[in-house]
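Q: Below are the structure tokens for one structure; questions will follow.
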Amino acid sequence: MSKRCRLVCDTPAGIRECELTLPDQADIAAAIEVARQELGPDAAPWQTAVTGIFGSVRERSHVPADGDRIELYRQLLIDPRSARRDRAARGTGR
């Protein structure tokens, strides 16, 4: 049997996405390897990115279910709370 998952990664160049067909017991690490072959080695920080399923952080050993969206998160350059405080102090809305 197999399952279908979608892998999405947030890169500085924008969102990259691919559909994957994986064996039933494939974990996130296996899905990342398949996506890396499809999207290319420079498409995302494959080795260092934090991973998750539908917004919840998951270890690479987690086995996603059929239909899950596997996400690779990029590191934030600026803390969003600090940025909001700075904008409020300057009196700018955005």
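Q: Six or more apart or on different chains, Cβ atoms under 8 Å: show the pairs whose first residue is in the range 59-83 and more than 14 Å from I32 (Cβ to Cβ) and whose second is assigned to a loop (DSSP other than H, G, I, E, B) and of a type in the set (D, E, K, R).
A: If the second residue must be assigned to a loop (DSSP other than H, G, I, E, B) and of a type in the set (D, E, K, R), no pairs are left.
Q: Does I70 meet the test of being among the β-branched types (V, I, T), surrounded by 11 or more Cβ atoms within 10 Å (Cβ to Cβ) and touching a Leu at 6+ places or on another chain (Cβ under 9 Å)?
A: Yes, satisfied.
Q: Just the residues that are within 24 Å of P23 (Cα to Cα), part of a loop (DSSP other than H, G, I, E, B) and touching a strand residue (DSSP E or B) at 6+ places or on another chain (Cβ under 9 Å), please, taken from the range 50-94.
A: Once the filter is applied, which keeps residues that are within 24 Å of P23 (Cα to Cα), part of a loop (DSSP other than H, G, I, E, B) and touching a strand residue (DSSP E or B) at 6+ places or on another chain (Cβ under 9 Å), the range 50-94 yields F54, G55, R58, E59, R60, H62, P64, A65, D66, G67, D68.
Q: Go through the range 11-25 residue by residue and tally those that are buried (at least 16 other Cβ atoms within 10 Å of the Cβ) and either touching a Gly at 6+ places or on another chain (Cβ under 7 Å) or under 14 Å from E71 (Cβ atoms) (or both).
A: Going through the range 11-25 one residue at a time, the tally reaches 3.
Q: Here's a follow-up. Condition (residue is modelled with pLDDT under 95 and touching a helix residue (DSSP H, G or I) at 6+ places or on another chain (Cβ under 8 Å)) applied to the range 10-17: is it met by at least one residue?
A: Checked against the condition, which is being modelled with pLDDT under 95 and touching a helix residue (DSSP H, G or I) at 6+ places or on another chain (Cβ under 8 Å), the range 10-17 yields at least one hit.
Q: Do we have any residue at all in the range 26-49 that's assigned to a loop (DSSP other than H, G, I, E, B), of a type in the set (S, T, N, Q), exposed (fewer than 11 other Cβ atoms within 10 Å of the Cβ) and modelled with pLDDT under 95?
A: Yes, because at least one residue in the range 26-49 is assigned to a loop (DSSP other than H, G, I, E, B), of a type in the set (S, T, N, Q), exposed (fewer than 11 other Cβ atoms within 10 Å of the Cβ) and modelled with pLDDT under 95.
The values are calculated or read from the model by the stated rules, or taken from the named source; none is laboratory data. These figures come from a predicted structure and were not determined experimentally. A quick note on method: Cβ atoms are made from the backbone with ideal geometry, for glycine too, and the neighbour counts reach across all protein chains shown.
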